[in-house]
1. Only residues that are of a type in the set (A, V, I, L, M) and either crowded, with 24+ Cβ neighbours inside 10 Å or closer than 22 Å to Ala400 by Cα (or both): list them for the range 363-383, please.
2. Among the residues of the range 372-402, how many are touching an Asp or Glu at 6+ places or on another chain (Cβ under 8 Å) and not hydroxyl-bearing (Ser, Thr, Tyr)?
3. What residue, of Val100, Val110, is touching an Asp or Glu at 6+ places or on another chain (Cβ under 6 Å), among the β-branched types (Val, Ile, Thr) and under 22 Å from Ile53 (Cβ atoms)?
4. In the range 70-91, what residues are within 16 Å of Asp329 (Cα to Cα) and buried (at least 19 other Cβ atoms within 10 Å of the Cβ)?
5. At least 3 residues that are over 23 Å from Lys167 (Cβ atoms), modelled with pLDDT under 95 and not aliphatic (A, V, I, L, M) in each: list the strands (runs of 3 or more DSSP E) lying fully within the range 1-105 that qualify.
6. Could you list all residues from the range 274-318 that are over 23 Å from Phe123 (Cα atoms), assigned to a loop (DSSP other than H, G, I, E, B) and in contact (Cβ under 8 Å) with a residue 60 or more places away in the chain?
7. Which of the following residues is modelled with pLDDT under 90, crowded, with 18+ Cβ neighbours inside 10 Å, of a type outside the set (Lys, Arg) and under 30 Å from Phe318 (Cα atoms): Ser217, Ser278?
8. Looking at the range 416-435, is at least one residue over 25 Å from Lys70 (Cβ atoms), in a loop (DSSP other than H, G, I, E, B) and of a type in the set (Lys, Arg)?
Amino acid sequence: MLTISGRSLPMCDRVPRRSFLKLGGLALGGLSLPQVLAAQQQSGSSSSHKAVIMIFLAGGPPHQDMFDLKPDAPAEIRGEFDPIDTNVPGIQISEMMPRVAAMMDKFAIVRSLVGAEGRHDAFECCTGRHFRGSQPQGGWPAMGASLSKLFGPVDPSVPPYIDLSFKMAHDPWNIKGPGYLGTAHSPFRPDGKAIENMTLNGVSPSRLNDRADLLTSLDRFRRKTDAQLSRGLYDGFTEQALGVLTSPKLVEALDLEREDPKVRAMYGTDNPTVLGYSLDKGYQAVMSRFLQARRAVEAGARCVTCSFAHFDWHGSNFGNARKVLPLLDQGIAALVQELHDRGMEKDVTVVVWGEFGRTPKINPRAGRDHWSRVHSALVAGGGMKTGQVIGSTNRLGEEAATRPVHMQEVFATIYRNLGIDLEHTTIPDHNGRPQYLIEQRRPIAELA
C-alpha cells in the first residue's frame, strides 16, 4: 500500500491533492476498489440514465414558514413571514423563497406528507423505511445503494451513488449506506476517508508542488502496475480499478473551476458558517454542492445526495430562517433551472425534504419544536406534472386535511420515474429472501 504523508497541497488544475487522492481511493469503505468493481459487474449496467438528487434538510424544516404558511392563523401559529404569490395562480409560498416562487411551474409541493417516524435521523428520507421497524440482517439499504445494485454504473469511472454531504456532528443525520447490500454499494464521498491510501512511492509532500513530478510519479506507478498485470499478479478488476483512478471524469465533474463563472454565480456563494455553530458540526450552507450534484449526474451518477445547513430550530426559528432559507431558495432554483436548460428535467428527479416538520405553535424561545404528524416536501423534474400543490393541512398546519401522502409514496414516485416496476422488482437479502424496495408501492398519481 502506498502512502503520502503530510499536508494537503493545491494541484495546478485547482483540484486539492487531498481530494484527488480521496477520489482515487474511492471512499466506499470496507472493500478494495477492485472488489467494488467486481460486485458492480455482477449487478449489471444500463445504458439509460435516469437519476435522482435528494437534498436532505437535517433537523426538520418548518413547513409553516416555507411551503405551507397560515396567514389567517393566530400570531403564535402564523409566525413572522408573509406568503407571496408564485408564477402559478393560487399557489403561495414563503417570502423567504422568491426564486422558487418565480418558477413554481417547475416544482410541485406536497403539503400533506405523513408517515414520519419522528426520529432525528436521515434513515427514513434515505431508505423509505422506519428505523425502529423490523429490518433484515444488515439493515435496509438507502435508495442510492438499491439503484447501484439494480443498475450498476452508467460509466465505469463514476460511482452510481454519490453523497456530497459534509460529516455531521449528530451522526444519525448522516446519509445512509448500503445496508444488507454490502459496502460495494456504499455512497462515494469525496470528503470521506479513502479505503486505500493510493499514494506515490518516493514522493515527498514538497515535491508534489511540482506538477511534472506528480505526473511522472503517476506514470511510473502505472507502468509498474501494468508490468505486474502482464505477469498475472493482478486480476481484471484491478486493471479496471486503475482505469478509474486514472480517469479524469469524476475529478473533472467535481472540479467547479471548470464550470462557467456565470453558471457558478447562479448558485450563490458558499456560507459554511451560516448559523455560527455550523462549520465544525458539518451544518454548512455550501451552495456549490447543488452545482456539483448536477455535474455528478451529468457525469453518470444515478443518485446524488446532499445535506444542507441545519433546521432543528427550537429557538430563533425566524432569525435562523432569514439566514438559511434565502440560500436554500437560490440553490434549489438554480439546480432545477439548469436541469431544464440542459434538457435533463425529464430524466432527473429532485426531492427536497427533512425527517419531519415543526410544531404549529411557536415556543417561548421563538422556536418551533418537533412535529411528526405532517410536513412538506418539494419535488421537481423526473417528467412529473409540476406547477401544483398536493394535499393540504388544517388551518393551523397540524394535520393533513386532504390527500395525506405517505413518505413511501414519494419513494414510489421516484422509483417510477427511474423506470422501476415496484410490483415485480425485489433484491434478495442475506438469507436469499426477496425484499421489495418499499412496502407501499403506489406512486403519487397527481404527479404522473
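The values are calculated or read from the model by the stated rules, or taken from the named source; none is laboratory data. Everything numeric in this text was worked out from a predicted model, so none of it was measured. FYI the Cβ positions are ideal-geometry reconstructions off the backbone, even for glycines, and counts take in every protein chain you see.
1. Within the range 363-383, Val374, Ala377, Leu378, Val379, Ala380 qualify.
2. Within the range 372-402, residues that are touching an Asp or Glu at 6+ places or on another chain (Cβ under 8 Å) and not hydroxyl-bearing (Ser, Thr, Tyr) number 12.
3. Unique residue meeting the criteria: Val100.
4. Correct list: Phe81, Thr86.
5. none
6. Gly300
7. Checking each option against the conditions leaves just Ser278.
8. Within the range 416-435, one or more residues are over 25 Å from Lys70 (Cβ atoms), in a loop (DSSP other than H, G, I, E, B) and of a type in the set (Lys, Arg).
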